[in-house]
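Quick note: the coordinates plus some simple rules give every number you see, no bench work behind them. Computed from a predicted model, the values in this text were never measured in an experiment.
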Amino acid sequence: MAPTAQQLFRRKPVPEMSLETGTDTGKSELVRSIGLFQLSMFGIGATIGTGIFFVLAQAVPVAGPAVIWSFVIAGVVAGLTAICYAELASAVPVSGSSYSYAYATLGELPAIGVAACLLLEYGVSAAAVAVGWSQYLNELFDNLFGFTIPDSLSQAPEQGGLFNLPAMILVLLCTLLLIRGASESAKTNAVMVLIKIGVLVLFIVLGLQGWNSDNLSDFTPFGISGITSAAGIIFFSYIGLDAVSTAGEEVKNPRRTLPMAILIALVTVTVLYILVSVVAVAAQPAAEFEDQEAGLSAILENVTGQTWPATVLAAGAVVSIFSVTLIVIYGQTRILFAMARDGMIPELFHKVNPRTHTPVQNTIIVAVVISLLAGLIPINFLAEMTSIGTLVAFLVVSIGVIVLRRTHPELPRGFRVPLFPLTPILSIAGCLWIIQDLRAVTIWVFLIWVAVALIWYFAYSFRHSHLGRHEHVGLIDDEGGPH
């Protein structure tokens, strides 16, 4: 019997989500151990990757010194979405991020489509980022010790190696941390984030010594179109703010903490990026940015006349990528955890270790898949796939804010989107504007990937859905029965 439209678009009631996760009772299957500072560090850590260290080489040749405005525009588009995340995270504070938001607002079938996007955003990007870590680690070893890991152990087979050992080791280290517990992972991440913020502040302070106003004289050589094109390139340096929303069930006082952490991360990242871009274009002529692989470290070498800044920035990139990989793998496991609780994927992903209060089997499976991708496949094209996956997830969140205001106006919200409905509408427009600039082949492969996810839905999820069976996988109350 074919499923009806009513079944395909059945929505999971938000009060039931809150009951399952103990949002208002304080009881949760996972331990609520993460505070505001650590959660803010999650958002900052997932966002500041290697992008800012190297994106200027692609963006300045397109916009000239006006790339400063490109950073502002990209920050505004990302900020509009982050503000929408802040409201939904405070209204639906669960682990599933935009998958759970879509389930509550748009229905089961769209939620599976969003889950496919999140698998691209988190799983594939973790592998791509781990491959990048291997390259920076080699650069750091070369600067410090004068040797590099041989290609046979640091490149994928397609690139002439056997496998990428450093990338696989990175995934293993992150996995061991995550299995120990969310609190330990959050503390380690906070230290790494403070280090990479310190590296960027060092660049700003030293780079100011090379300030030359002449470098800003021809400010907009490529006009408004150059500024907007560069904003599209830069936008992906802001991706990661949504990682905060995957921690919904391990946060103290989630209705207040989640939106606050998203906004703190947004402001911190945006201010750092704009200051870095201002200092960079004032310290070096725009023409010299083209094909400049070393990025920020080359600018500091020119300003200081010394080579040590390259070593410091390589170390900053190594720490940055470790932090990003840790949070991205964490986010992926929590999304799968929420999906398994709903019956969308096998129950194995929902099992929590009674000692560490972490989904250990889930984490190990995710780590094995990501390490194989990172060790054996060059991820250049898949890295672009993460972009479209993220943008579609952003789009759904912005739509979800509008829908939830209409369907559940009475829900308690720790934060409300200002200038509603203009803010989510502008966020939707911004995401569509960037998607239409992506390559056609990326969009086609993405559509095929979503089609595969929908086949999985009809083959497995539709029949196993707890909502469809009227089952409730929530917490057990003190009398031993379900809430």
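Close amide H pairs (under 5 Å, H built 1.01 Å from N) link Ile34 with Val251, Lys252, residues at least 5 positions away or on another chain. Sorted from greatest to least, the principal axis extents spanned by the alpha carbons of the chain come out as 71, 49, 41 Å.
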